[in-house]
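Working notes, structure below.
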Amino acid sequence: MKKTGKGGLLPSTLAGGDTLASGMAVTALALLAGFISLPILSLLLWTVNENSWRAMATPEARDALLLSIRTTSISMLIIVSVGTPAAYVLARKNFHGKRLLDSLIDIPAVLPPSAAGIALLLTFGRFGLAGKYLEAFGVQVTFTTAAVVIAEVFVAAHFYVRQATVGFSQVRRDVEEAARVDGAGSIGVFTKITVPLALPALVAGAVMAWARALGEFGATIVFAGSFQGVTQTIPLAIFAEFQSNLDAAVALSVLVLGFAFTVILVVKVLTARMTADEY
Amino acid sequence: MAVLLVPCLAIVGPAGCGVGSSDAGVREAGQESTLTVLAASSLTDAFGELTKIFEEQNPDTEVRASFESSSTLLTQIQQGAPADVFASAAQDEMDEAAKDGLVAGKPKIFVKNREVIIVPVANPANIERFRDVAKPDVRLVLAEDGVPAADYALKILGKANAEYGSGFEQDVLSNVVSREADVRAAVNRVVVSDADATFGYASDYTPDIRNRTKVVQIPPDLNIVATYPIAALEDAENPDLARDWVSLVTSEEGQRVLEEWGLEPAV
């Protein structure tokens, strides 16, 4: 990037060009930043003014946060371990019906989560397509933590698989071929060459998927139900508090905001370090 | 224009956003007015029918009804959601709204409702009478804390404890597998048969679910009758329309419609 030497607010590539256009672009960015920060500021101000910090330390809040951490961790484990090889196949192989399969994986992303919840309920509920067989074995899915994980995986997997597919398809085949010529097996090439090269995309996809799983509300409340410590994740706890105690609902929102922000920041710093080490 | 509408939409819908609202009392012919009614979930069907009647009687008026648990509606009103009428499923929420000076005039009790137990028609947990909800392994769902239907259920269990011996309430509560957002959500758990039972209002046993569910009565001496107050709101965009709505609901015709949907007339 060429330096303009002015050191002003405008990005250097914009400053040299059409000033009106760049001015408009910068205004748009400022509007967007304001639009996003205002609601966040409102949450914080309310918590400070009402002094409702204590609501973050209630058993309900603690159980909800722990449940969210537990369920999103399991969901991410499932999404990454199944999604990584699946994304590789989508990126590398051509087969009959690939386009159809591709669109199928995108469906949960365009389906409203409440609709996803109803679909899951009709699948895994007591008289559901799969549920009736599980019920025969005495396995009940709805109202359990497993149902929360199922809902999270269903709505979030797409975000990881999509990014990972793009990441894998950008890894040059000749690099993989060269490693293979050097005697590496196909699993060795995958884990030692392909995955490290695609890592930034994989991490970005995982963060998106995790954020989606953390925020999951519609499918969970419809499918899994809401019970403290079992199915009541943070978004559900916020909604439950909103029915009875607005201050607590705001405090929980601030809590999840801080939690999500910290996780994303840590991941960004770690990936920056990892990619810096690579080169 | 579109930008200005967005914050209004986010609250309860475009009603009361200044679109089509005329000066109080002046309704010009051909100009659309909007009446926003916030009502307890258990009124969904009856008020849906009353909406049609009201719109026939007032051709230039559009009724926008929003159905949530009374506690959610109260929060929305306290947060300044634009609305003309509030119909609550419990006295407490209306009292609170009145205490905050949000209600115009004196609220009227317009209908009564009793609690029942609703079970799937196949009745997998074999609940034949009220006491059976305490049996082990019954999957019971309740509405969220603070939702009147659930609060009444807890009061009923408290009374039952005195009659059936201590431990009854605890046995029932240990059967609870989920607290749903409102009564309708809890009833739907029973409709799809994932839950074995829920506490709902008699009005929740609507015609469309009668082939999938059945009712188990709660003994009258233990039951609690819910009284529903209705009031026009202080900040109503259309105070006249709000009054007309309350009149319709408390009229003979309105009471007949409410009765059709399982509610007990109270005017």
- [ ] Could you list, in sequence order, all residues of the range A:201-221 that are within 12 Å of another protein chain (Cβ to nearest Cβ) and either aromatic (Phe, Trp, Tyr) or surrounded by 24 or more Cβ atoms within 10 Å (Cβ to Cβ) (or both)?
- [x] A:217, A:220, A:221
Open item on the list: Is it the case, given these coordinates, that residue B:254 is on the phi > 0 side of the Ramachandran plot and touching a residue at least 60 places away in the same chain (Cβ under 8 Å)?
Closed with: no
Task: Among residues of the range A:222-261, those that are closer than 30 Å to residue A:200 by Cβ and within 14 Å of chain B (Cβ to nearest Cβ), counted - done: 2
Open item on the list: more than 15 Å from the chain's Cα centre (by Cα), more than 14 Å from chain B (Cβ to nearest Cβ) and either assigned to a helix (DSSP H, G or I) or surrounded by 14 or more Cβ atoms within 10 Å (Cβ to Cβ) (or both): is that true of residue A:123 in this structure?
Closed with: no
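A quick yes/no check of all residues on (1) buried (at least 17 other Cβ atoms within 10 Å of the Cβ); (2) hydroxyl-bearing (Ser, Thr, Tyr); (3) more than 16 Å from residue B:40 (Cβ to Cβ); (4) within 13 Å of chain A (Cβ to nearest Cβ):
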residue	(1), (2), (3), (4)
B:69	yes, yes, no, yes
B:76	yes, no, no, yes
B:111	yes, no, no, no
B:129	no, no, yes, no
B:136	no, no, yes, no
TODO: Return only the number of the condition from (1) within 14 Å of chain B (Cβ to nearest Cβ); (2) outside any helix (DSSP H, G or I) that residue A:184 does not satisfy.
DONE: (1)
Task: Set B:176, B:172: member being closer than 24 Å to residue B:41 by Cα and either surrounded by 19 or more Cβ atoms within 10 Å (Cβ to Cβ) or within 13 Å of chain A (Cβ to nearest Cβ) (or both) - done: B:176
TODO: For the range A:13-113, please list each of the helices (runs of 4 or more DSSP H) lying entirely inside it that holds at least 1 residues being touching a residue at least 24 places away in the same chain (Cβ under 8 Å) and touching a His at 6+ places or on another chain (Cβ under 8 Å).
DONE: A:98-110
Open item on the list: Yes or no: the range B:182-201 includes at least one residue that is more than 11 Å from every other protein chain (Cβ to nearest Cβ), of a type in the set (Lys, Arg) and in contact with a Gly (Cβ under 9 Å, 6 or more places away or on another chain).
Closed with: yes
Open item on the list: Among the residues of the range A:165-179, are any of a type outside the set (Lys, Arg), under 30 Å from residue A:61 (Cβ atoms) and within 19 Å of the chain's Cα centre (by Cα)?
Closed with: no
Task: Yes/no for residue A:264 being more than 14 Å from every other protein chain (Cβ to nearest Cβ) and under 29 Å from residue B:174 (Cα atoms) - done: no
Open item on the list: For the range B:82-162, give me every one of the strands (runs of 3 or more DSSP E) that falls completely inside it and has 1 or more residues that are over 21 Å from residue B:221 (Cβ atoms) and not hydrophobic (A, V, I, L, M, F, W, C).
Closed with: B:103-120
Task: Some residue of the range B:205-215 being surrounded by 17 or more Cβ atoms within 10 Å (Cβ to Cβ), within 14 Å of another protein chain (Cβ to nearest Cβ) and touching a residue at least 12 places away in the same chain (Cβ under 8 Å) - done: yes
Open item on the list: Being over 28 Å from residue A:89 (Cβ atoms), within 14 Å of chain B (Cβ to nearest Cβ) and not in a helix (DSSP H, G or I): is that true of residue A:138 here?
Closed with: yes
Open item on the list: So residue A:251 ticks every box in (1) under 19 Å from the mean Cα position of the chain (by Cα); (2) buried (at least 20 other Cβ atoms within 10 Å of the Cβ) but one. Which box is left unticked?
Closed with: (1)
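Any read-out appearing in this document is the output of simple, stated calculations on the displayed coordinates, not a laboratory observation. In this text the structure is predicted, and so the values were computed from the model without any measurement. Cβ coordinates were reconstructed from backbone atoms using ideal geometry, including for glycine residues, and neighbour counts include every protein chain displayed.
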